[in-house]
Amino acid sequence: MSGFIDFLKRHGNDIDGEVVSDITCREESINRASFIDCTFKNCDFTETKFIGCRFIDCSFERCELSMVSLGGCSFRDTRFEDSRLEGIDWTRVDWGKMSFSAPVSFKRCSLSHSTFIGLSLQELQLEDCRSHNVDFRQANMESASFKGTDFTDCLFQNTNLARCNFMQAQHYQINPASNNVTKAKFSMPEAMELLYSLDIAIED
């Protein structure tokens with residue numbers, strides 16, 4: 001039995017204001033727990049199933065969350081920093097009635113092989129991240145900040161990227177004809193990638 005399961009047994013399923021450090025909880029199931037103003041540091045939740053859990057004003061720092069399942073979970077003002085969140089299907093989250101700003105943010109994280117397809121996450125902060133082979137098709141990411149993020153092999157199709165910040169972002173392949181990039185910000189030389197998908201000739 002993992003240390004985190006023992007922790008929940010001692011504290012119950014309503015956790016408020018706790019700092020959880022250096023706990024390993026792999027391939028476990030966490031059901032309907034509520035975490036408010038909690039900080040997770042150096043924790044390993046690889047392949048754990050969070051079912052119907054709530055995370056409010058929480059932060060994850062240097063945590064391993066790859067392949068976690070988030071079926072029916074909800075988030076509000078939750079931050080992920082210096083953490084690995086690879087292979088996550090974010091469409092399984094219960095996003096509820098969406099506000100004008102995303103309830104999660106990512107900084108210096110790895111989100112490769114994940115999917116955000118069809119989600120509305122306006123003003124999402126996904127900065128200085130490694131996001132290889134992530135599916136953003138049909139998502140509404142208006143006014144998101146993608147500064148410094150590596151988008152190698154990511155999918156953008158019918159994606160709302162209006163007013164997004166792609167400054168210092170790299171390796172994105174975005175077709176302006178099939179995505180909304182109105183007033184989005186791009187930096188050179190990476191912005192030249194936008195031209196490669198257009199049927200035009202560029203000559204010296």
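Observations
- Residue check, ASN158 under 24 Å from TRP95 (Cβ atoms) and open to solvent by less than 20 Å² (accessible area, probe 1.4 Å): no
- Scanning segment 100-118 for residues that are part of a loop (DSSP other than H, G, I, E, B) and in contact with a strand residue (DSSP E or B) (Cβ under 8 Å, 6 or more places away or on another chain) yields a total of 9.
- Screening the candidates ASP82, ASP77 for the property of being open to solvent by 40 Å² or more (accessible area, probe 1.4 Å), without any contact (Cβ under 8 Å) to a residue 60 or more places away in the chain and under 18 Å from ASP16 (Cα atoms) yields one hit, ASP77.
- Test: residue in segment 166-176 that is closer than 14 Å to SER120 by Cα and buried (at least 20 other Cβ atoms within 10 Å of the Cβ): no
- Every pair of residues 6+ apart whose Cβ atoms lie under 8 Å, when the first sits in segment 139-158 and is closer than 15 Å to ASN175 by Cβ and at pLDDT 95 or above while the second is surrounded by 19 or more Cβ atoms within 10 Å (Cβ to Cβ) and charged (D, E, K, R): CYS154/ASP135; LEU155/ASP135
- Which numbered condition SER83 misses (of (1) under 28 Å from GLU127 (Cβ atoms); (2) more than 16 Å from the chain's Cα centre (by Cα)): (2)
- Of all residues in segment 6-51, those that are open to solvent by less than 30 Å² (accessible area, probe 1.4 Å) and either in a helix (DSSP H, G or I) or acidic (Asp, Glu) (or both) total 3.
- For segment 115-138, the set of residues classified as touching a Gly at 6+ places or on another chain (Cβ under 9 Å), open to solvent by 60 Å² or more (accessible area, probe 1.4 Å) and either of a type outside the set (Lys, Arg) or free of Cβ contacts under 8 Å to residues at least 12 places away in the same chain (or both) consists of ASP128, GLN138, listed by residue number.
The values are calculated or read from the model by the stated rules, or taken from the named source; none is laboratory data. Just so it is clear, the model here is predicted, and its values are computed rather than measured. Heads up, the Cβs are rebuilt from the backbone with ideal geometry, glycines too, and the neighbour counts pull from every protein chain shown. Calculation scope for accessible area: heavy atoms of the full protein, side chains included, ligands and nucleic acids excluded. Shrake-Rupley method; radii C 1.70, N 1.55, O 1.52, S 1.80 Å.
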